[in-house]
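Remarks on the structure that follows.
Quick note: the coordinates plus some simple rules give every number you see, no bench work behind them. The structure presented is a predicted model; accordingly, all values stated were derived computationally and were not measured. Using ideal geometry, Cβ is built from the backbone for each residue, glycine included, and neighbour counts are taken over all protein chains shown.
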Amino acid sequence: MAGSTITLRLTIADPVPRVAYSLQDKANMPVEPRIAGDGPISFDVPVILSDDGRLTGPFVRREGPARRFVYIAIGTSAGLHASAWSRRAKINVHDIPADLLAQAREGRLLEVVLPGRAKDGSPACATVRPIQAWRVV
């Protein structure tokens, strides 16, 4: 099935400083690891938008027929072996509105802003809900 490559930007608004974050590919390997500082960090994720609106590619995982998501690896999962944390944040991408996907197909960048910290101040993990919804930037 043909498709278009689009870019999704995952921005972590308040990552825990001195902790490694990275994208995680389907082989569970960290990609583009970086150590967080005092400001936000972003990852640009190339994905394939199929003609029928499904998202696929080397970073897109699936659960069931409809759910699609991308992992951000944290701490040891991102390659920082001395870290106190070994976590992953699951970012849903199956719920991006169709009108935004249409704009992405035309070359626009889509961004979501995510929290970086859990209530206890440690890195946010599991399914992370956006603090700012998907938007065109």
Give the Rg/Rh ratio for the stretch 3-136, taking Rg as the radius of gyration of the Cα atoms and Rh as the Kirkwood radius, to two decimals. 0.96
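If you stretched the chain out fully between Asp52 and Arg34, how much longer would it get, using 0.36 nm times the residue separation minus the C-alpha to C-alpha distance? Before the final figure, lay out each step's value.
Details: separation 18, 0.36 × 18 = 6.48 nm, distance 3.42 nm.
Net length gain for the segment: 3.1 nm.
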Net charge over other residues, Cβ less than 15 angstrom from the Cβ of Ala124 (K, R count +1; D, E count -1): +4
For the stretch 122-137 versus the stretch 26-104, the gap between their alpha-carbon centres in whole angstrom: 11
Placed amide H near Ala118: partners under 5 Å, 5+ positions off or other chain: Ala124
Taking one equal scatterer on every alpha-carbon of the stretch 70-137, how large is log10 of I(q)/I(0) by Debye at q = 0.11, 0.14, 0.15, 0.28 1/Å? -0.34, -0.51, -0.57, -1.18
